[in-house]
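Engineer: Have a look at this one before I ask anything.
Read-outs: derived from the displayed coordinates by stated rules, not from any lab. This structure is a prediction, so every number in the text was calculated from the model and none was measured. Ideal geometry is used to build each Cβ from the backbone, glycine not excepted, and the neighbour counts take in all protein chains shown.
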Amino acid sequence: MRIGVLTSGGDCPGLNAVIRSVVHRAVDVHGDEVVGIEDGYLGLIEQRSRPLDHDDVQGLLTRGGTILGSSRVEPARIRRAVAEAPALAAALGIDALIAIGGDGTFAAAQLFCEAGLPVVGVPKTIDNDVNATDTSFGFDTAVSVATEAIDRLKTTAESHQRVMVVEVMGREAGWIALEAGTAGGAHGILLPEKPFDIESVCVMIEERFARGKKFAIVVAAEGARPAPGTLRLDPGVVDRYGHRRYGGIGTRLAQELEHWLGKESRPVILGHIQRGGPPTARDRVLATRFGWHAVEAVHKGASGYFTALRGTLVELMPIADAIAEPKTVPRQRLLEAEAVL
Ligand code: F6P
């Protein structure tokens, strides 16, 4: 068989570990050829690819980013490509495609499947918002990075008696804020799933200082929203790929808190640091398992399915289930986190 593999959407640690695993399983065990498609679906459309063999994936387990490159493609361009899917696959000589990506990548994968190109998905995202899988690789690394940042910020915050607002990624789902906030012992956690009241945040911090505490840490997901009629926030802009770029909740919150509390406040925007560098051990393992299962799925003739972690097992789930809606933080998880704030 000739299997194409591409990485698409925002990168995350563990992409290279999947590519490595795919090559090892497909080439060594099945005697396949693996074709690395460059820059996601753009490389499929523009027919840019290169063969991937054992030597090409040496040392990839620990390397962040993606050796294939990644991109986002406008929906209209994807629709045009879908119309010629069989021809694009034939020109690259691939029998099936392994698409490693998040919701956007999976939405396109579904269209390519329907147009006759067999696709198996592998879920990646630091946001942990892909549905029908317990988690995706990249998330654990992002949580570790954000947790370490919170640990570090605590000591400097305490020295200066400051309020630190740590902005983490997460547009629609606040998983990173929830888990890093819990692991780092933050005093406030603001998620897109539950609009916050700035007054309650101020009261919480004031009470904390009144108890003799010398600093406070508030973790906010970039998509955290104020309750209607409270704080006015720049809604941000929607980019050409349909994603909203938020208007800087961290900076705005820090300004507000300083204004209302009269305490020095600093925003810290972790941004792409959460997506860079080597994957954690857990993400390396998950990425490796996903690669293995993706190759097996292709050999079973699966199309329109993705590798999902369900409990301790990797199972195949319909891509349609992953993209139906994002996986957001359930109320129960928020209640558990709030109990220890
Ligand atoms: O979807 C993953 C993600 O990291 C989001 O958390 C974040 O909002 C977005 O990508 C950032 O995208 P870009 O790399 O285009 O700035």
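Engineer: Semi-axes, largest first, in whole Å: what does sqrt of 5 times each Cα gyration tensor eigenvalue give for segment 204-292?
Structural biologist: 33, 21, 11
Engineer: In the chain, what % of DSSP beta bridges are antiparallel (nearest 5)?
Structural biologist: The antiparallel proportion sits near 25 percent.
Engineer: Something else now. How much of the calculated P(r) for segment 129-266 lies past 19 Å, in percent of all Cα pairs?
Structural biologist: Roughly 50 percent, rounded to a whole number.
Engineer: What is the dipole size for segment 1-139, taken about its Cα centre, with +1 at each Lys and Arg Cβ and -1 at each Asp and Glu Cβ, in debye to the nearest 20?
Structural biologist: Dipole about the Cα centre, nearest 20: 160 debye.
Engineer: I've got another one for you. For segment 56-121, report the convex hull volume of the alpha-carbon atoms normalised per residue, in Å³, without decimals.
Structural biologist: 103
Engineer: Name the long-range amide H neighbours of residue 167: under 5 Å, sequence gap of 5 or more, or other chain; modelled H, no Pro or chain starts.
Structural biologist: Amide H to amide H, under 5 Å and 5 or more residues apart or across chains, residue 167 pairs with 220, 268, 269, 270.
Engineer: Run the numbers on segment 143-274 and let me know its relative contact order in percent, using alpha-carbon pairs under 8 Å that are six or more apart.
Structural biologist: Relative contact order for segment 143-274 comes out at 34 percent.
Engineer: Continuing with the same structure: If you stretched the chain out fully between residue 151 and residue 313, how much longer would it get, using 0.36 nm times the residue separation minus the C-alpha to C-alpha distance?
Structural biologist: Computed gain between residue 151 and residue 313 is 55.1 nm.
Engineer: Applying the Karplus parametrisation 6.51 cos²θ - 1.76 cosθ + 1.60 with θ = phi - 60° to the phi angles of segment 121-138, what ³J(HN,Hα) value in whole Hz is obtained for each residue in order, glycine and proline being reported as x?
Structural biologist: Calculated HN-Hα couplings, in order: x, 10, x, 10, 4, 6, 6, 6, 9, 7, 6, 6, 10, 4, 7, 10, 6, x Hz.
Engineer: Here's another thing I want to ask about it. Report the Stokes-Einstein translational diffusion coefficient (µm² s⁻¹, integer) for the chain, Rh taken as the Kirkwood radius over Cα pairs, at 4 °C with viscosity 1.567 mPa s.
Structural biologist: Rounded, D is 62 µm²/s.
Engineer: At a Förster radius of 22 Å, what calculated FRET efficiency corresponds to the Cβ-Cβ distance of residue 325 and residue 239, to the nearest 0.05?
Structural biologist: 0.60
Engineer: Take every Cα-Cα pair in segment 34-151 and report what % of them are more than 18 Å apart.
Structural biologist: It works out to 56 percent of all Cα pairs.
Engineer: When the helices in the chain are scored as -39500 (n - 2.57) per DSSP H run of 4 or longer and the sum is shared across all residues, what 222 nm value do you end up with, to the nearest 500 deg cm²/dmol?
Structural biologist: Calculated mean residue ellipticity at 222 nm is -12000 deg cm²/dmol.
Engineer: Right, something else. Could you compute the FRET efficiency for residue 62 and residue 211, with r as their C-beta to C-beta distance and R0 at 41 Å, rounded to 0.05?
Structural biologist: Efficiency computed from Cβ-Cβ geometry: 0.40.
Engineer: On to the next question. At 10 °C and a viscosity of 1.306 mPa s, what translational diffusion coefficient does Stokes-Einstein give for segment 120-179, taking Rh as the Kirkwood radius over Cα pairs? Give it in µm²/s as a whole number.
Structural biologist: Result for D is 124 µm²/s.
Engineer: Name the long-range amide H neighbours of residue 189: under 5 Å, sequence gap of 5 or more, or other chain; modelled H, no Pro or chain starts.
Structural biologist: Close amide H contacts, sequence-distant or interchain: 219.
Engineer: Count of lysine pairs in the chain with Cα atoms under 24 Å apart, counting only pairs 8 or more residues apart in sequence or on different chains?
Structural biologist: 8
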